[in-house]
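Here the structure is laid out as structure tokens; the discussion comes afterwards.
The values are calculated or read from the model by the stated rules, or taken from the named source; none is laboratory data. Because the structure is predicted, anything quoted here is derived from the model rather than measured. We place every Cβ from the backbone using ideal geometry, glycine too, and count neighbours over all the protein chains shown.
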Amino acid sequence: MNFTIATTVSDVIGGVTDPNTLMILAIVFGFYMAWNIGANDVANAMATSVGSGALTLRRAVLIAAVLEFAGAYFAGASVSNTIRKGIVDPEIFAAEPTLFVCGMLAALLAAGTWLMIASYFGWPVSTTHSIVGAILGFGVVYAGIEAVHWGKVSGIVASWVVSPVLSGTISYFIFNIILRKIFHNPRPVEAARRFTPYMVFVVFTILSMVLVMKGLKHRLKGVDLPLWEALLISGGIGLVAAFVSGILVRRIDVDDADGEVEENSARQLYLSRALGRAKKHLSRAKNISSGGSVEDEVKDVLNKVDMLNTALEQESTAPANTRSSVWKVERIFIYLQVISAGFVAFAHGSNDVANAIGPMAAAWETIKEGVVGTKAPVSAWFLALGGVAIAVGLATWGWRVMKTVGTKITELTPSRGFSAEFGAATTIVIASWLALPISTTHTLVGAVLGVGLARGIGALNLRTVRDVVVSWVVTIPAGAGLAIVFYYILASIFN
């Protein structure tokens with residue numbers, strides 16, 4: 001890698017005597033930002049798989065590292081917008097390229113710092129919002145508040161609601177369909193055999209659409225691919241996957257002894273639902289009672305129902321017997337969940353690597369050419385650097401955010417984790433089609449919330465939910481504030 005730059009370039013960029021230093025800083029800060037993307041954003045894609053037990057942490061890191069790197073390197077953007085999401089007009093920096101470079105470096109350092117803080121506390125925040133907030137900060141400091149496209153900013157703020165609500169709603173209904181069609185059936189394995197091919201068709205069609213519309217959009221940029229063609233291709237992939245799954249799911253063995261196990265499992269599920277309804281009605285009766293012996297009796301019955309419900313949950317979540325029909329059905333969802341998480345990881349690597357590589361490429365090109373452009377070419381080694389940094393970030397610090405999303409919001413099983421991943425993937429496709437501004441992080445967290453709500457509000461850890469929502473609101477101001485501080489420091493050194 002050659003950092004030798006002609007002296008005339010340093011004269012062009014505002015008198016900087018050592019442009020090589022700025023180039024090295026661009027690489028270091030870009031790597032730092034990508035490392036934090038891996039530690040925070042990528043962890044979201046694999047958190048449900050780890051939290052449900054579908055994957056061990058080591059396997060999740062390995063799979064995500066490979067797919068994130070592949071998405072970043074092979075399907076990442078070859079050209080990146082210098083100002084992410086059109087938040088600030090790049091023309092305002094045309095007269096002072098050095099300050100533009102300092103601003104981009106400050107944005108990378110600020111967004112990376114905020115992501116590191118969030119990852120330390122296990123908060124899943126949006127990397128896109130972090131870098132947008134950082135660029136917003138130095139843009140306002142340099143050119144004033146009127147330089148900001150506030151319409152774009154309001155769209156991003158709207159995504160705080162759109163993303164989790166849409167994905168949560170989809171996941172809620174998907175999980176309820178799975179419960180009714182499979183787990184609440186007296187013979188869940190037989191139900192799974194019938195229902196799985198249809199489910200696999202829908203899943204692979206949606207995930208293929210994610211790959212085309214989100215993961216490969218940069219490589220297909222020159223190809224005019226209408227929506228109906230994308231649907232046709234994705235539907236074909238879904239049909240093949242459904243046919244193969246129909247053959248494989250028939251290999252799940254069911255002998256005579258399984259009949260009794262299935263009926264016991266079904267009775268447990270029905271009993272659990274009945275106890276849940278009884279507990280709800282008893283709680284209402286206790287709240288409206290006027291005290292005295294009646295209230296004491298209600299409390300006593302409520303405590304007994306609560307104890308029965310706890311015992312039933314412990315029995316149903318005990319180490320699974322390999323002959324258990326419920327466990328056999330959950331094994332199907334393990335494979336589906338891992339596949340869906342892999343699709344999301346590949347799409348994420350191809351798309352969100354630009355949050356680190358875009359500003360880095362913009363700074364690099366400005367130093368090299370001495371001119372602030374609206375777009376900057378991205379070299380293959382930039383994408384490789386971003387892919388490696390993302391993988392390292394996930395492997396070293398990703399467990400913190402995985403723990404929050406996978407275990408602290410609500411209890412996950414493979415079927416619940418799959419419902420969340422599928423809801424998130426479907427939301428990504430719908431949002432891409434409608435051009436809605438959404439966050440992958442908010443989408444995944446919202447999907448987990450939807451699955452939790454399907455089991456009742458009591459299944460959610462509301463304290464964790466509160467902390468996560470607050471971190472979302474704080475992200476843009478935090479990125480902007482840190483960027484202002486770092487911008488002044490860098491500008492005082494290099495300008």
If a residue has to be buried (at least 23 other Cβ atoms within 10 Å of the Cβ) and either touching a His at 6+ places or on another chain (Cβ under 7 Å) or of a type in the set (A, V, I, L, M) (or both) to count, how many in segment 47-74 make the cut? 12
Take Val338 and tell me if it is of a type in the set (Val, Ile, Thr) and modelled with pLDDT of 85 or more. yes
Keeping to segment 418-462, report how many residues are closer than 26 Å to Lys279 by Cβ and either crowded, with 24+ Cβ neighbours inside 10 Å or not small (Gly, Ala, Ser) (or both). 13
Number of the exception - Ala107 against (1) among the small types (Gly, Ala, Ser); (2) at pLDDT below 90; (3) touching a Pro at 6+ places or on another chain (Cβ under 7 Å): (2)
Identify all residues within segment 402-453 that are among the hydroxyl-bearing types (Ser, Thr, Tyr) and either without any contact (Cβ under 8 Å) to a residue 24 or more places away in the chain or under 24 Å from Tyr335 (Cβ atoms) (or both); write none if there are none. Thr407, Thr410, Thr413, Ser415, Ser419, Thr426, Thr427, Thr440, Thr443
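When segment 456-481 is examined, which residues are found to be touching a Leu at 6+ places or on another chain (Cβ under 8 Å), among the β-branched types (Val, Ile, Thr) and farther than 14 Å from Trp114 by Cα?
Initially, segment 456-481 is screened for residues touching a Leu at 6+ places or on another chain (Cβ under 8 Å), giving 459-460, 465, 476, 479-480.
Applying the additional criterion that residues be among the β-branched types (Val, Ile, Thr) yields 465, 476.
Val465 - this is the single residue of segment 456-481 that is touching a Leu at 6+ places or on another chain (Cβ under 8 Å), among the β-branched types (Val, Ile, Thr) and farther than 14 Å from Trp114 by Cα.
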What's the number of the only condition in (1) farther than 21 Å from Ala347 by Cβ; (2) at pLDDT below 90 that Gly452 fails to meet? (2)
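Given the structure, is Thr441 at pLDDT below 90, assigned to a helix (DSSP H, G or I) and in contact with a helix residue (DSSP H, G or I) (Cβ under 8 Å, 6 or more places away or on another chain)? Step through it out loud before you land on a result.
Working: at pLDDT below 90: yes; assigned to a helix (DSSP H, G or I): yes; in contact with a helix residue (DSSP H, G or I) (Cβ under 8 Å, 6 or more places away or on another chain): yes.
Here the answer is yes, as Thr441 does meet what is asked.
Determine whether Val470 is on the phi < 0 side of the Ramachandran plot and modelled with pLDDT of 90 or more. Walk me through it before giving the result.
Values: on the phi < 0 side of the Ramachandran plot: yes; modelled with pLDDT of 90 or more: yes.
So Val470 fits the description; yes.
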Answer yes or no as to whether Trp160 is in contact with a His (Cβ under 9 Å, 6 or more places away or on another chain) and not small (Gly, Ala, Ser). yes
